[in-house]
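Scroll down for the structure; my scribbles are underneath it.
Every number in this text was worked out from the coordinates using simple rules, so none of it is lab data. Since we're looking at a predicted model, the values are computed, not measured. Every residue, glycine among them, receives a Cβ derived from its backbone with ideal geometry; neighbour counts consider all protein chains shown.
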């Protein structure tokens, strides 16, 4: 009995924890349900407990009740139903939620976020309850464990709506093919400005695209060129630079469009013609009519968790199509993990985030040097072979004129060995889940660091006269 004395005064677990919730997502989803009342599919996959805020929970209960009665949800109908079953909710409360416009229009995604948060709250409560019971000698440990096991099984069963039979998948596929025949409904991705990708729909949501190259080859410039092309097509892109400030990034995008080098924009007094070109470009970007945007997270952070959280925020609040992470090797490893393990895990988590949020992720990666060959290969992705495993597409960038030390004899590999490398670059798709395996040449304007589409017939062959044309100015 003396040995068990310390068990008679257990310390009970702390229950005052603030549980995870997101009132902004709750408001955004309710606003979607009130704005598009004809789409009741989201309602059927949610329950009031998915909403942590009591007012939001009551409003959703009214919307779901109306859907069950075959009545469209509106500010008026929900307010009337609230007067019957939730008198604490006023018409003003409903109107305030209905006019919320900062959370995007993807109701399915917002619903997934709320379900995930509710599952986390439920799991935490279950574990705390089991922990409290385990300190009581009124119940047997086996009974507590069995009850917890059943609760966990029930929690895992929630969300079975994500399990579909083949017939359902085939129906969706048929509808997808039918939509693609209609230009207004076509399921296309983000335009990149390069026909090699755009002929197949551009970058697709959920894909992890890795760009690998040695230093000075232009990984960042290629990513920024793609972002600029997407912007001009009306897309919203998130950009995470672990090396440059937002002002430096902006100067390079302006340089790509104006033809004035970014170093001149930032550090010199521009001549009159360059000043006029700079101002025209800035004015055109300010007054763009496409609706596109490039959102830069300017925090000097190499913390993967903060980047993932910011990607989620960008999707919810700005509905970005994709994000760029520049670059993987600058991310800070978690304590106790090797760099190789961490880079592999970071790649997989970026891919998972992209699939969950419906955005593509373009991650830049350095290549290890090979003293025997400067031509890039997937096997040289630095710090982790798991990067290539996680990626849907691996692009390898090669500019022979940028390899140090410079050699005029250095050329492109086959099938482009007879093309002049000066002012050009080779992009190799070493892995391509959607684009296939292959390669193409493109132009590179060194003063503005812009990569651009250039037809093969415009690229001179070695030994022939010809000049590299600078990309045309879109403004």
### Full-extension gain in nm, residue 337 to residue 120, via 0.36 nm per residue minus C-alpha separation
75.5 nm
## Note on the structure
Rounded to the nearest 10, the angle in degrees between the Cα long axis of helix 339-357 and the longest principal axis of the Cα atoms of the chain comes to 70
### Summary
If each part is reduced to its alpha-carbon centroid, segment 72-108 and segment 340-380 end up apart, in Å, by 44
### 0 to 90° range, to nearest 10: angle between helix 54-68 axis and the chain longest Cα axis
90
### Query
Relative to the longest principal axis of the chain, what angle (0 to 90°, nearest 10) does the C-alpha long axis of helix 304-318 take?
90
## Note on the structure
Unit-weight point scatterers at every alpha-carbon of segment 104-149, Debye formula, q = 0.24, 0.28, 0.32 1/Å: log10 I(q)/I(0) is -0.80, -0.94, -1.06
### Summary
So the FRET efficiency between residue 279 and residue 369, C-beta based with R0 = 60 Å and rounded to 0.05, is 0.90
### Task
Sort the following peptides by mean Cβ neighbour count (other Cβ atoms within 10 Å, averaged over residues), highest first: 389-397, 455-463.
389-397, 455-463
#### Entry: Per-residue [θ]222 nm for the chain (sum of -39500 (n - 2.57) over DSSP H runs n ≥ 4, rounded to 500)
-13500 deg cm²/dmol
## Note on the structure
Rh (Kirkwood, all Cα-Cα pairs) for segment 18-161, Å, reads 16.5
### Task
Find the all-direction average of the projected area of the Cα convex hull for segment 184-239, expressing the result in square nanometres with one decimal place.
4.5
### Query
How high is the FRET efficiency from residue 131 to residue 188, r the C-beta distance, R0 51 Å, rounded to 0.05?
0.50
### Query
Which of 124, 253 comes first, and how do the rest follow, when ranked by fewest Cβ neighbours within 10 Å?
124, 253
### Label-point separation, residue 461 to residue 437 (7 Å along Cα→Cβ), nm
2.8
#### Entry: Structure-derived log10 I(q)/I(0) by the Debye sum over Cα atoms at q = 0.06, 0.07, 0.10 Å⁻¹ - corresponding label in (i) -0.26, -0.36, -0.76; (ii) -0.30, -0.41, -0.82; (iii) -0.38, -0.50, -0.90
(iii)
#### Entry: Label-point separation, residue 263 to residue 75 (7 Å along Cα→Cβ), nm
5.7
### Task
Just subtract the alpha-carbon distance of residue 356 and residue 174 from 0.36 nm times their residue separation and send over the number in nm, one decimal.
63.2 nm
### Query
At residue 299 and residue 54, where each label point lies 7 Å from the Cα along Cα→Cβ, what is the point-to-point distance in nanometres?
3.2
#### Entry: the chain: relative contact order as a whole-number percent, Cα under 8 Å and 6+ apart
15
### Task
Could you tell me, in Å, what Rg and Dmax come out for the Cα atoms of segment 195-458?
18.2, 56
### Query
By per-residue mean of other Cβ atoms within 10 Å, what is the highest-first order of 331-339, 432-440?
432-440, 331-339
### Message
I need the P(r) histogram for segment 208-289: all alpha carbon pairs, bin width 5 Å from 0 out to the longest distance, whole percents.
### Response
3, 13, 22, 25, 19, 11, 6, 1, 0
### Task
Give the Cα extents of segment 160-267 along the principal axes, in whole Å, largest first.
62, 30, 23
### Task
Note down the Stokes-Einstein diffusion coefficient of segment 320-453 in µm²/s, whole number, using a Kirkwood radius over alpha carbon pairs, 10 °C, and 1.306 mPa s.
97
